[in-house]
Ligand code: GSY
């Protein structure tokens with residue numbers, strides 16, 4: 001059994017419902033979702049002139065191998081009507097694998113840990129809620145340490 005941390009994000013449609021349904025689907029197909037952060041309203045990163053995202057981090061106990069988990073994440077995005085139009089553009093659902101055990105992987109399809117995790121407060125703030133002490137296997141720092149050192153200034157707000 002492996003432990004994976006995923007980040008869900010949505011900035012199109014009914015974002016709360018999209019995230020809730022994505023977790024239900026991942027729980028049925030990827031493995032047990034054993035922890036979920038609160039929802040955070042986050043300013044768009046990359047292309048900043050687009051609606052704010054809702055982001056949420058989850059922890060999944062899974063028997064899927066990394067590429068199988070990636071396919072399941074992509075199937076979850078498709079189910080939410082995700083269209084891959086422009087890079088960094090608005091989307092109904094994005095599901096990224098942030099960490100998978102202490103695996104380091106560098107392939108054309110998947111890089112683990114997620115290569116942009118240390119530079120994104122929208123991922124680190126939700127993740128620290130459920131994985132503060134988890135080690136980044138390349139940087140050898142905890143998620144809490146990565147957040148403390150992150151220089152990203154885009155707004156990340158806890159929703160009620
Ligand atoms: O890479 C995830 C999709 N995404 C996001 C996101 O989830 N949240 C925020 N705040 N900005 C983003 N830009 C992209 S692309």
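Annotations
- Pick from the stretch 34-53, criterion assigned to a loop (DSSP other than H, G, I, E, B) and surrounded by 14 or more Cβ atoms within 10 Å (Cβ to Cβ), ranking: modelled with the lowest pLDDT: 50
- Residue match in the stretch 129-144 (condition: closer than 18 Å to residue 88 by Cβ and in a helix (DSSP H, G or I)): no
- Residue that is farthest from the ligand (Cβ to nearest atom) [pool: residues in the stretch 72-91 that are within 14 Å of the chain's Cα centre (by Cα) and at pLDDT 90 or above]: 72
- Selection from the stretch 6-25 of residues that are in contact (Cβ under 8 Å) with a residue 24 or more places away in the chain and more than 16 Å from the ligand (Cβ to nearest atom): 21, 25
- Candidate set from the stretch 2-33 (those that are part of a loop (DSSP other than H, G, I, E, B) and touching a strand residue (DSSP E or B) at 6+ places or on another chain (Cβ under 6 Å)); member that is surrounded by the most Cβ atoms within 10 Å (Cβ to Cβ): 30
- All positions within the stretch 101-130 that are closer than 19 Å to residue 42 by Cα and away from the ligand (no atom under 16 Å from the Cβ): 130
- Conditions (1) in contact (Cβ under 8 Å) with a residue 60 or more places away in the chain; (2) outside any helix (DSSP H, G or I): number failed by residue 123: (2)
The values are calculated or read from the model by the stated rules, or taken from the named source; none is laboratory data. All of these numbers come straight from a predicted model, not from anything done at the bench. All Cβ positions, glycine included, derive from the backbone under ideal geometry; neighbour counts span all protein chains shown.
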